[in-house]
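The values are calculated or read from the model by the stated rules, or taken from the named source; none is laboratory data. Computed from a predicted model, the values in this text were never measured in an experiment. Neighbour counts run over all protein chains shown; Cβ positions are idealised from the backbone, glycine included. Surface areas here come from the heavy atoms of the whole protein model, side chains and all, with no ligands, DNA or RNA. Shrake-Rupley method; radii C 1.70, N 1.55, O 1.52, S 1.80 Å.
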Amino acid sequence: MNLRPLLSPRTHPIYTGRYLLSTTETELMYEEVSRWIYTRSPGGIIYGRQRIGKTNAIKFLQNHLPNEFGTDLPVFLVLCQEYKNANENVFFEDLLRNVRHPLASTSSRASIKRERLYNFLVDKGVKSVERRIVIILDDAQRLKSQHYEWLMDIYNELYRYGIEMTVILVGQRELKQTKDSFISVNKAQIVGRFMVHEHEFFGLRTLEDVTSCLVGYDLEIMFPPDSGCSLTQYFFPELFENGFRLSNMAQDIYESFVDLRKEVGLYNAIEIPMQYFTRTIEYILTTYGVEGQNVPELTISQIHDAIRYTNFLESEISASKFV
């Protein structure tokens with residue numbers, strides 16, 4: 001039997017949450033965004049319900065887009081704030097801080113911050129082979145109409161230097177409503193520039209979705225990276241050696257989510273948010289694996305307990321009130 005890597009207590013990614021799990025939806029989103037970049041589109045929107053995995057999918061984009069478009073491709077992630085109104089000073093300082101500019105807040109004048117951001121992005125753009133910049137704005141449903149005007153100013157300034165910018169707007173379903181409202185009031189310049197493409201992002205909806213994720217735990221993610229020890233193997237070393245795989249229990253895990261929803265009166269089509277799915281699997285690994293109860297087998301009852309522990313059902317009941 002392979003020895004488990006020797007790690008300091010609670011430093012494994014299953015405890016810290018610092019691991020990226022590729023899902024069917026993540027791969028679909030990556031293909032869509034890649035197409036936008038290949039066709040030199042200025043941008044598009046990605047929207048879906050809360051906690052379904054959009055943030056992790058964004059991290060996947062950050063990590064993998066440079067592999068396809070060149071390691072020198074600048075990919076910046078901007079977390080949009082809850083803006084009460086559109087303040088130019090605040091907005092440009094937020095952008096500077098998110099692109100990690102060292103002088104993000106050293107001036108009180110919006111014009112200086114704007115110029116500082118222009119110069120920074122131009123410098124990054126001219127150093128990339130394709131003279132391109134990708135900016136991902138998370139929680140983009142928080143942006144106001146004026147914010148999009150300022151984004152157009154940035155786009156135009158970069159274009160003046162021969163640099164193309166692709167803006168990926170990621171947010172909740174309100175983002176789609178924002179696009180529809182812009183269309184209704186004839187703000188074609190915003191829609192045409194940043195919202196002409198759209199992609200709806202979903203949680204786990206099928207047995208195949210669940211199986212794909214579980215294969216990630218079983219075979220695809222190793223820690224330490226060069227150890228050859230998967231996440232499942234680390235927590236269930238003996239069972240793993242004897243052929244146990246979480247993916248072999250995919251149907252039991254999927255049906256457990258479905259059945260527990262029915263127990264609380266939810267019979268509509270299931271969409272498991274990634275937040276609750278990963279916490280369920282993390283609970284299974286840490287509670288029933290070798291660092292916990294070290295069970296000889298994983299049972300349906302234990303899977304149910306893991307799902308309940310994450311407060312998945314409470315979240316689903318709450319979400320059903322807004323459908």
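Scan the range 227-243 and report the pairs whose first residue is part of a loop (DSSP other than H, G, I, E, B) and whose second residue is of a type in the set (Gly, Ala, Ser), with Cβ atoms within less than 8 Å and a gap of 6+ or a chain change.
236/289
Kindly establish whether residue 70 is open to solvent by 10 Å² or more (accessible area, probe 1.4 Å), under 17 Å from residue 202 (Cβ atoms) and among the small types (Gly, Ala, Ser).
no
So residue 262 clears everything in (1) open to solvent by 60 Å² or more (accessible area, probe 1.4 Å); (2) in contact with an Asp or Glu (Cβ under 8 Å, 6 or more places away or on another chain); (3) not acidic (Asp, Glu) except one condition, right? Which one?
(2)
Quick one: count up the residues across the range 188-211 that are open to solvent by 50 Å² or more (accessible area, probe 1.4 Å) and under 26 Å from residue 41 (Cα atoms).
Residues that pass the stated criteria total 6.
Quick one: would you say residue 82 is open to solvent by 60 Å² or more (accessible area, probe 1.4 Å) and either more than 17 Å from residue 140 (Cβ to Cβ) or free of Cβ contacts under 8 Å to residues at least 12 places away in the same chain (or both)?
So residue 82 fails the test.
Out of (1) out of contact with any Lys or Arg (no Cβ under 7 Å at 6 or more places or on another chain); (2) surrounded by fewer than 21 Cβ atoms within 10 Å (Cβ to Cβ), the odd one out for residue 151 is which?
(2)
Looking only at residues in the range 267-282 that are open to solvent by 50 Å² or more (accessible area, probe 1.4 Å) and without any contact (Cβ under 8 Å) to a residue 40 or more places away in the chain, which one is nearest to residue 4 (Cα to Cα)?
279
Identify the residue in the range 48-67 that is of a type in the set (A, V, I, L, M, F, W, C) and over 18 Å from residue 100 (Cβ atoms) and, among all such residues, is most open to solvent (accessible area, probe 1.4 Å).
Going residue by residue through the range 48-67, those that are of a type in the set (A, V, I, L, M, F, W, C) are 52, 57-58, 60-61, 65.
Filter once more, so that each one left must be over 18 Å from residue 100 (Cβ atoms): 52, 57, 60.
Details: 52: 1, 57: 0, 60: 31 Å².
The residue in question is 60.
Just for the range 309-323: of the residues that are modelled with pLDDT of 95 or more and open to solvent by 100 Å² or more (accessible area, probe 1.4 Å), which one is farthest from residue 232 (Cα to Cα)?
Ranking the candidates gives 314 first.
Here is a list: 158, 143, 214. Which entry is under 30 Å from residue 280 (Cβ atoms), open to solvent by less than 40 Å² (accessible area, probe 1.4 Å) and touching a helix residue (DSSP H, G or I) at 6+ places or on another chain (Cβ under 8 Å)? Give the steps one after another, and end with the answer.
On the way: 158 fails: under 30 Å from residue 280 (Cβ atoms); 143 fails: under 30 Å from residue 280 (Cβ atoms).
Exactly one residue qualifies, and that residue is 214.
Does the range 283-292 contain at least one residue that is surrounded by fewer than 13 Cβ atoms within 10 Å (Cβ to Cβ), of a type outside the set (Asp, Glu) and more than 25 Å from the chain's Cα centre (by Cα)? Before you say what the answer is, go through the steps one by one.
First pass over the range 283-292, keeping only residues surrounded by fewer than 13 Cβ atoms within 10 Å (Cβ to Cβ): none.
No, the range 283-292 has no match at all.
Filter the range 8-23 down to residues that are without any contact (Cβ under 8 Å) to a residue 40 or more places away in the chain and either open to solvent by less than 80 Å² (accessible area, probe 1.4 Å) or touching a Pro at 6+ places or on another chain (Cβ under 8 Å) (or both), then give me how many there are.
The qualifying residues number 3.
Could you identify the single residue in 26, 39, 106 that is surrounded by fewer than 15 Cβ atoms within 10 Å (Cβ to Cβ), over 30 Å from residue 189 (Cβ atoms) and among the β-branched types (Val, Ile, Thr)?
Values: 26 fails: surrounded by fewer than 15 Cβ atoms within 10 Å (Cβ to Cβ); 39 fails: over 30 Å from residue 189 (Cβ atoms).
Being surrounded by fewer than 15 Cβ atoms within 10 Å (Cβ to Cβ), over 30 Å from residue 189 (Cβ atoms) and among the β-branched types (Val, Ile, Thr) holds for just one of 26, 39, 106, which is 106.
Looking at the range 21-80, which of its residues are in a loop (DSSP other than H, G, I, E, B) and closer than 30 Å to residue 311 by Cα?
Those that are in a loop (DSSP other than H, G, I, E, B) and closer than 30 Å to residue 311 by Cα: 21, 22, 23, 48, 49, 50, 51, 52, 53, 80.
Can you tell me which residues in the range 281-308 are assigned to a loop (DSSP other than H, G, I, E, B) and either among the small types (Gly, Ala, Ser) or at pLDDT below 95 (or both)?
Taking the range 281-308 as the starting set, the residues that turn out to be assigned to a loop (DSSP other than H, G, I, E, B) are 289-299.
Listed by number, the residues that qualify are 289, 292.
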